[in-house]
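Structure first, then comments.
The values are calculated or read from the model by the stated rules, or taken from the named source; none is laboratory data. Remember, predicted model here, so these are calculated numbers, not experimental data. Here the Cβ positions follow ideal geometry from the backbone for every residue, glycine too, while neighbour counts run over all protein chains shown. Accessible surface areas use protein heavy atoms only, side chains included; no ligands, DNA or RNA. Shrake-Rupley method; radii C 1.70, N 1.55, O 1.52, S 1.80 Å.
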Amino acid sequence: MKREHSFLLGATGAIALGLSPDYAAALAYITSEFVPFEWAILTAICITSPLLPVALVAAHIFTGMRIHWLLASFLFGLIVLFGTLASLVWVAVTFVLSLSLAHGMTLTLGLASSLFLVSSVSSADARLCFGWVPIGLAGLSGLWSLLMAGLVVLSSIVIADGKPFCVAQASGNRVTGVAAVRGFALRDRGDARPDIRISCCAGGGRQRAEI
């Protein structure tokens, strides 16, 4: 496998793993009888979008698929425009500026740049500016989100010192899996601050710590 292909798979894989939602909860939500059909379709599109960059890259690597450069250029601008507007709307709804905006722009750059890199664009400068640089930044953001989960798990183990422990977000929601403590998952939608404080309660004691 070429080095650039390995980089693409790594970057888009980090985006998929770092930004994907809890699909079990999302599926339960969109299949609820109380959710309007149009809203369920929109939600389904949003929750599957983190998987699109790695799917595009995999199709390009293993099947040789390429998108015409004119179509890729048009879609690039459209995705960046729509993604930026959607991110700003989400910030206005959640009142969480930094993480919400970073989450939205990471997804926007990842999708737009991966589509650009699997196109027939031949200009090295264009591929660097609109492809490699954005996909690298988006991949680093996804990697940060994953590393945050590792930090939380490691810190919890150290704090518990071998005793049974539980992990809960500062908002009081109990953490049920590693995916819930990824960087982009650690935000409280009811608070104006990112919810990155994790309380670890060792069994048989009152020891707590905040990250």
Take the residues in the stretch 58-112 that are more than 17 Å from the chain's Cα centre (by Cα) and of a type in the set (Val, Ile, Thr); name whichever of them is most open to solvent (accessible area, probe 1.4 Å).
Thr63
Filter result (at pLDDT below 85 and open to solvent by less than 40 Å² (accessible area, probe 1.4 Å)) within the stretch 16-38:
Ala26
It is to be established whether one or more residues within the stretch 139-146 are buried (at least 21 other Cβ atoms within 10 Å of the Cβ) and of a type in the set (Phe, Trp, Tyr).
no
Would you point out the residue of the stretch 147-159, among those that are β-branched (Val, Ile, Thr) and buried (at least 19 other Cβ atoms within 10 Å of the Cβ), that is nearest to Gly110 (Cα to Cα)?
Val152
State which residue pairs qualify: first residue touching a residue at least 60 places away in the same chain (Cβ under 8 Å) and inside the stretch 138-156, second residue basic (Lys, Arg) and open to solvent by less than 60 Å² (accessible area, probe 1.4 Å) in any location, beta carbons under 8 Å apart, and separation of 6 or more residues or different chains.
Ser145/Arg182; Leu146/Arg182
For the stretch 120-128, indicate whether the set of residues that are in a loop (DSSP other than H, G, I, E, B) and not polar (S, T, N, Q) is non-empty.
yes
Considering only residues that are of a type in the set (Val, Ile, Thr), at pLDDT below 95 and over 27 Å from Val181 (Cβ atoms), which ones fall in the stretch 119-153?
Val121
Would a scan of the stretch 164-176 turn up a residue that is crowded, with 18+ Cβ neighbours inside 10 Å, of a type in the set (Gly, Ala, Ser) and either closer than 25 Å to Pro50 by Cβ or at pLDDT below 95 (or both)?
no
The conditions are (1) open to solvent by 30 Å² or more (accessible area, probe 1.4 Å); (2) within 24 Å of Val178 (Cβ to Cβ); (3) among the β-branched types (Val, Ile, Thr); (4) more than 14 Å from the chain's Cα centre (by Cα), and Val54 fails exactly one of them. Which is it?
(4)
Just checking, how many residues over the stretch 1-15 are surrounded by fewer than 18 Cβ atoms within 10 Å (Cβ to Cβ) and in a helix (DSSP H, G or I)?
7
Out of (1) farther than 20 Å from Val133 by Cα; (2) touching a strand residue (DSSP E or B) at 6+ places or on another chain (Cβ under 6 Å), the odd one out for Trp69 is which?
(1)
Expected single match for closer than 19 Å to Ala138 by Cβ, in a helix (DSSP H, G or I) and touching a His at 6+ places or on another chain (Cβ under 8 Å) among Ile47, Ile61 is Ile61
